[in-house]
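To keep things clear, I will list the structure first and then write my remarks on it.
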Amino acid sequence: MAGRSGGDRAGSEFVAYLRDQLRPWGPTAARRMFGGHGFYRGDVMFGLVLNDALFLRADAENRDDFVAAGMPPFQYDRRGKVVALAYHEVPADLLEDQDELARWADKAYAAALRVAAAKRKPAKADNRSATRAKQPIRARPKTAAKRLAGDEPPRRRIEPGE
């Protein structure tokens, strides 16, 4: 599996190091989550730190960079099944090069924005609502029509106190 064994260092020196390396790229925040940290730029999570390894968000536009570098997605075992996340580990040599790390972080951030935008798109109208729009307006029930035409006596109104 892509995740390493062992825990994050207490207070995470590694997270502080990564934030320092990414400082020229832009302001980031690290929030503790499920035994690691989520890396954010604003409200958008673009990275994940688990067991002193950095994983960046991938999608169809930047996944080939990770594949070319031989970096598989983060995987974990859930009830006997392997689950792969859309986050790939960053090659170790990238962590030392601020400019290159910034380029990869920028692509990961763009991927996270694309995923967030796709989730916000309204769902297409289902067939039922399209069918409803094509149906003619129904006529009133016969009893109401009779009442309006005067064919049926009006219903007696019950007054309070009766």
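The values are calculated or read from the model by the stated rules, or taken from the named source; none is laboratory data. Values in this document were obtained by computation on a predicted structure and should not be read as measured data. Counting neighbours? That spans all protein chains shown, and the Cβs are built from the backbone with ideal geometry, glycine included.
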> Looking at ALA125, is it at pLDDT below 95 and aliphatic (A, V, I, L, M)?
Replying inline: yes
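Restricting attention to the stretch 2-24, does a residue exist that is exposed (fewer than 15 other Cβ atoms within 10 Å of the Cβ) and touching a strand residue (DSSP E or B) at 6+ places or on another chain (Cβ under 7 Å)? Lay out the reasoning, then the answer.
Step one: list which residues in the stretch 2-24 are exposed (fewer than 15 other Cβ atoms within 10 Å of the Cβ), which gives 4-7, 9-11, 13, 16-17, 20, 23-24.
If we keep only those that are touching a strand residue (DSSP E or B) at 6+ places or on another chain (Cβ under 7 Å) as well, we get 4.
Yes; the residues of the stretch 2-24 include at least one that is exposed (fewer than 15 other Cβ atoms within 10 Å of the Cβ) and touching a strand residue (DSSP E or B) at 6+ places or on another chain (Cβ under 7 Å).
What do you reckon, is PHE34 modelled with pLDDT of 90 or more, surrounded by fewer than 20 Cβ atoms within 10 Å (Cβ to Cβ), hydrophobic (A, V, I, L, M, F, W, C) and more than 20 Å from VAL115 (Cα to Cα)? Steps first, answer last, please.
Values: modelled with pLDDT of 90 or more: no; surrounded by fewer than 20 Cβ atoms within 10 Å (Cβ to Cβ): yes; hydrophobic (A, V, I, L, M, F, W, C): yes; more than 20 Å from VAL115 (Cα to Cα): yes.
The answer is no for PHE34.
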>> Quick check on this structure: which one of LEU56, LEU95 is closer than 19 Å to TYR17 by Cβ and surrounded by 21 or more Cβ atoms within 10 Å (Cβ to Cβ)?
In response: LEU56
>> Looking at the structure I just gave you, is GLY38 of a type outside the set (A, V, I, L, M) and touching a residue at least 12 places away in the same chain (Cβ under 8 Å)?
In response: no
